[in-house]
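Since every read-out is calculated from the coordinates, none of them should be taken as a lab result. Source: prediction; values computed, not measured. Cβ coordinates were reconstructed from backbone atoms using ideal geometry, including for glycine residues, and neighbour counts include every protein chain displayed.
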Amino acid sequence: MNKQALRGTVWIASDIHLGEAVPKTALAFYDFLELARRHADALILCGDLFDAWIGDDHALRDPPGWLAGAQAELRATAQAIPLWLAHGNRDFLMGRALADALGARLLDTPTVLHTDAGPILLAHGDEYCTDDLAYQRFRRIVHTPWIQKAFLALPLGVRRAIAARARARSRQARRTKTMAIMDVNPAAIGQALRAAGCQTLIHGHTHRPALHALTLDDGRAARRYVLPDWDFDHAAAPRGGWIEIDAAGIRASEHPQS
């Protein structure tokens, strides 16, 4: 199990889904980064920072305007406080080249964070959606190292086309799946907490922010915090938020504009 010690005030956010089509979400996120620079001792972006990621060369070679702006904001944040980037289901191809260019660090998840609030298991969350068998098959395939290497060797234009087709298929598949299938599996959560030796889990991915009280098989009480997704462009009610961790405990915070 991966482990990382982070003391002081730690902020965690996920599922921002930055891209060309969400300029208002980007601005709200940049306001959040400014807050983090002033009030946090470390920031973790726990997956799906980007709506899609087809390789670091896309960002480093000749980035489009929205991506250049995002990199500038992230770089400014990494210069002020430690910035950690974790992979999600949409940006799992983020690599060390991007992290180095931003001054950030990659965080392999699931990982146990040793914080002033105690040990916390942190994950993006898609690995616990084990009832969605089709997605888990897809996940195993795209996380295969040789497949990733072959994809990244393709021309950028080909990668863009493949990513666009994959997103279209994903949207179509979601229409036929129940919400329960796309949520985390309670048994998978319990198993993960037991394996990590933790009683607290923080994850994103499901876009269902909440605090769930759990009882593990051995009778111990546990907690599961679900991070919100961000949408200030297309949602009827703008939304976004994060979790703060310090010696006083764990708290969920909403974006001031949501």
Amide H partners (placed H, <5 Å) of residue 200, local residues excluded: 121, 223
Please tell me the relative contact order of the chain in percent, rounded to the nearest whole number, where contacts are Cα pairs under 8 Å and at least six residues apart. 24 percent
With both partners inside the chain, how many of the DSSP beta bridges are antiparallel, as a percent to the nearest 5? 50 percent
Give me the Kirkwood hydrodynamic radius of segment 2-254, using the inverse of the mean 1/r over all pairs of distinct Cα atoms, in Å to one decimal. 18.7 Å
Using only the alpha carbon atoms of segment 108-251, find the Kirkwood hydrodynamic radius as the inverse mean reciprocal pair distance, in angstroms to one decimal. 17.3 Å
Calculate I(q)/I(0) for segment 168-230 by the Debye formula, one identical point scatterer on each C-alpha and no solvent, and give its log10 at q = 0.15, 0.16, 0.21 Å⁻¹ to two decimals. -0.54, -0.60, -0.87
Separation of segment 38-104 and segment 180-207 by C-alpha centroid, Å? 25 Å
In debye, nearest 20: dipole of segment 117-258 around its Cα centre with unit charges on the Cβ of K, R (+) and D, E (-)? 820 debye
Dipole moment magnitude, nearest 20 debye, segment 2-254 about Cα centre, only Lys, Arg, Asp, Glu C-beta charged: 720 debye
Per the helix-only model, the chain has a calculated mean residue ellipticity at 222 nm (DSSP H runs of ≥4, -39500 (n - 2.57) each, divided over all residues, rounded to the nearest 500) of -11500 deg cm²/dmol
